[in-house]
Amino acid sequence: MASDLASEIKKRRTFAIISHPDAGKTTLTEKFLLYGGQINLAGSVKGKATARHAVSDWMEIEKERGISVTSSVLQFEYNGCCINILDTPGHQDFSEDTYRTLMAADSAVMVIDGGKGVEAQTRKLFKVCGRRGIPIFTFINKMDREARDTFDLVDEIEKELGIATCPVNWPIGSGKEFKGVYDRASKSVLLFSDTQKGTKEGKEEIIPVDDRERLAEKIGEEALDQLLGEVELLDGASVEFDQDEVDHGRLSPVFFGSALTNFGVEVFLENFLKMTSSPLPRVSDQGVIDPVERPFSAFVFKIQANMNKAHRDRVAFMRICSGKFDAGMDVWHVQGGKSVRLSQPQQMMADDRHMVNEAYAGDIIGIFDPGIYSIGDTLCMPEDKFRFSGIPTFAPEHFARVRQVDTMKRKQFVKGVMQIAQEGAIQIFQELSGGMEEIIVGVVGVLQFEVLQYRLKNEYSVEIRLEQLAYEHIRWIKNKDVDLDRITGTSDMKKIQDLKGNPLLLFVNSWSIGMTLDRNEGLILEEFNEE
Ligand code: G4P
């Protein structure tokens, strides 16, 4: 039994795919599913148009806007591994959930558009991954289109993101001249053919680099010479692959390919599954919790409200950190201080929810939430009663002053914003001397303002007036017993507090943050709040 448990856990790979919008995250995910045998033709299930319709049943607002506000988990088997892909919301629905989802992953795949390089959203998501020190794998996509110089791309990742890179393969040309990739370990070339579009059956031709004659015939003398020159340069300059460095998120293996034409995807998936880790131990207030040695434990990383409007229910998504989950089991809800039965456990596959009877460390399950869970809560066996370190609060980037139109509805207004904040969709701040009649709401993605307005109206019958503010940065003041009056900043700086009374500063631009730090010696400002 125990060894069954261990092998079930060891075969799990739980990761998130991060990218800037349009780099190819959806396409790559589709291709992964294709290899997992989940769909016959990529694009038929999670093509954006269909996905948006299907998932949009979960919330009315999505139907109106035609975008997905939720994220789901995709589970499938490939090569003996049980893969959980955590779908991180992007585009307009980019929100704090996107960051929090990364807390549930054991590694991240970073998709970069070869024509664009590192972009804004990649940078933000990377920062969150980097902070946890989880392994990060880079897939440089769209090589069938004109791409930037390969050395420049790799260099940019190193400089901008501050991580060493180790190219596992190397592209031969790009765009119309894209000929394939050179695999550094086997010293052979995988030839590009876009006959594979959409299917996985396309033929793959591999030629050892020593077979110069055949290679030259296939890719041309010029491309071959250039490849050999680049490989020599690369071998001389790049860091050697080191699994330990990868495990600690200090070295990112880099792959090149074209998700659209299915080129390089399987090579990537195979290598990635070997290099990434099975469920990692998690830190608790009683030390490190080993995924195999300890019985069931999990933490809540996301709360999704009103998936089914008729029932007004909430689903708490939890990442299982250790042991095995059996449907209907009684566990200890640490923050609530009582025993709970985990009822109606569900797993998600694209738009389809189904019940699960058992799940293991590494898996994500959604549990019916009667309103008792908060983000970061721990569930474990009654005899354990430990707490996982909490999920930090991430700095919102958009702010609005919010007040209710009808002051008679104060109670509903407060209840509504408090509940929505508890789900983690928004953060609430106040003026230093302010009450709850006028609050400052901070969100990571602007869509959340609309979600807030919509939900307050529909669920709490409260109309609000929302005035967007020019601030873009918020920082928690980490100095203990700070005297707020003595902090001097730029004229656009604003002092506020959160509901627990923690002091914060709002800034219009990052330059003001620098100025404020310069003017106030010893001031410690943070972008994440752990309390
Ligand atoms: P995202 O989830 O990261 O936002 O990106 P997504 O996969 O939706 O891809 C964005 C666009 O880039 C899509 O085109 C997609 O077909 C294209 N794309 C993805 N991978 C590759 C690739 O390897 N090569 C090329 N040439 N294009 C790629 P679209 O026209 O914007 O969307 P759609 O109408 O095709 O869905």
* Would you list the strands (runs of 3 or more DSSP E) that sit entirely within region 472-531 and hold 2 or more residues that are among the basic types (K, R) and open to solvent by less than 70 Å² (accessible area, probe 1.4 Å)? => 494-498
* Out of all the residues in region 466-501, which are at pLDDT below 90 and under 28 Å from the mean Cα position of the chain (by Cα)? -> L499, K500
* Only one residue in G390, G371, G416, G376 is closer than 20 Å to Q304 by Cα, out of contact with any strand residue (DSSP E or B) (no Cβ under 6 Å at 6 or more places or on another chain) and surrounded by fewer than 17 Cβ atoms within 10 Å (Cβ to Cβ), so which one is that? -> G371
* Counting only residues that are more than 20 Å from H473 (Cβ to Cβ) and among the basic types (K, R), which one in region 393-413 is surrounded by the fewest Cβ atoms within 10 Å (Cβ to Cβ)? -> K411
* Asked: Could you give every pair whose Cβ atoms fall below 9 Å, whose first residue belongs to region 16-27 and is in the same structural domain as I364 (by TED's automatic domain parsing), and whose second residue is within 6 Å of the ligand (Cβ to nearest atom) and open to solvent by less than 10 Å² (accessible area, probe 1.4 Å), counting only separations of at least 6 or pairs across chains?
  -> none
* Determine whether R148 is surrounded by fewer than 23 Cβ atoms within 10 Å (Cβ to Cβ) and under 20 Å from Q243 (Cβ atoms). => no
* Residues of region 144-167 classified as away from the ligand (no atom under 16 Å from the Cβ) and not in a helix (DSSP H, G or I), total -> 7
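Looking at region 236-253, is at least one residue of a type in the set (A, V, I, L, M, F, W, C) and in contact with a Pro (Cβ under 8 Å, 6 or more places away or on another chain)?
The answer is yes, given that some residue of region 236-253 is of a type in the set (A, V, I, L, M, F, W, C) and in contact with a Pro (Cβ under 8 Å, 6 or more places away or on another chain).
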* **Among (1) buried (at least 17 other Cβ atoms within 10 Å of the Cβ); (2) in the same structural domain as D22 (by TED's automatic domain parsing); (3) more than 16 Å from the ligand (Cβ to nearest atom), the one test that V292 misses** => (2)
* Residue selected from region 64-84 under the condition modelled with pLDDT of 90 or more and crowded, with 22+ Cβ neighbours inside 10 Å, by the criterion farthest from the chain's Cα centre (by Cα) -> I83
* Asked: For region 422-443, how many residues are under 21 Å from E397 (Cα atoms) and either free of Cβ contacts under 8 Å to residues at least 60 places away in the same chain or buried (at least 20 other Cβ atoms within 10 Å of the Cβ) (or both)?
  -> 12
* Asked: Hey, among the residues in region 335-355 that are in a loop (DSSP other than H, G, I, E, B) and at pLDDT below 75, which one's nearest to V300 (Cα to Cα)?
  -> P345
* To do: Look through region 114-143, keep the residues that are within 11 Å of the ligand (Cβ to nearest atom) and buried (at least 22 other Cβ atoms within 10 Å of the Cβ), and return whichever of them is nearest to P171 (Cα to Cα).
  => M143
* **Residues of region 186-236 satisfying the condition of being modelled with pLDDT under 90, open to solvent by 80 Å² or more (accessible area, probe 1.4 Å) and not polar (S, T, N, Q)** => K197, K200, E201, K203, E204
* To do: Look through S95, S107 and report the one residue that is away from the ligand (no atom under 15 Å from the Cβ) and at pLDDT 95 or above.
  => S107
* Going through region 2-35 one residue at a time, which ones are away from the ligand (no atom under 16 Å from the Cβ), surrounded by fewer than 22 Cβ atoms within 10 Å (Cβ to Cβ) and either at pLDDT below 90 or part of a helix (DSSP H, G or I) (or both)? -> A2, S3, D4, L5, A6, S7, E8, K10
* What are the pairs, 6+ residues apart or on separate chains, where a residue within region 174-195 that is at positive phi has its Cβ under 8 Å from a residue that is open to solvent by 40 Å² or more (accessible area, probe 1.4 Å)? -> G175/D144; G175/R145; G175/E146; G180/F192; K187/P208; K187/D210
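How many of the residues making up region 473-523 are closer than 23 Å to E96 by Cα and touching a residue at least 12 places away in the same chain (Cβ under 8 Å)?
Result for region 473-523: 23.
The values are calculated or read from the model by the stated rules, or taken from the named source; none is laboratory data. The structure presented is a predicted model; accordingly, all values stated were derived computationally and were not measured. FYI the Cβ positions are ideal-geometry reconstructions off the backbone, even for glycines, and counts take in every protein chain you see. Surface accessibility is based on the protein's heavy atoms, side chains included, excluding ligands, DNA and RNA. Shrake-Rupley method; radii C 1.70, N 1.55, O 1.52, S 1.80 Å.
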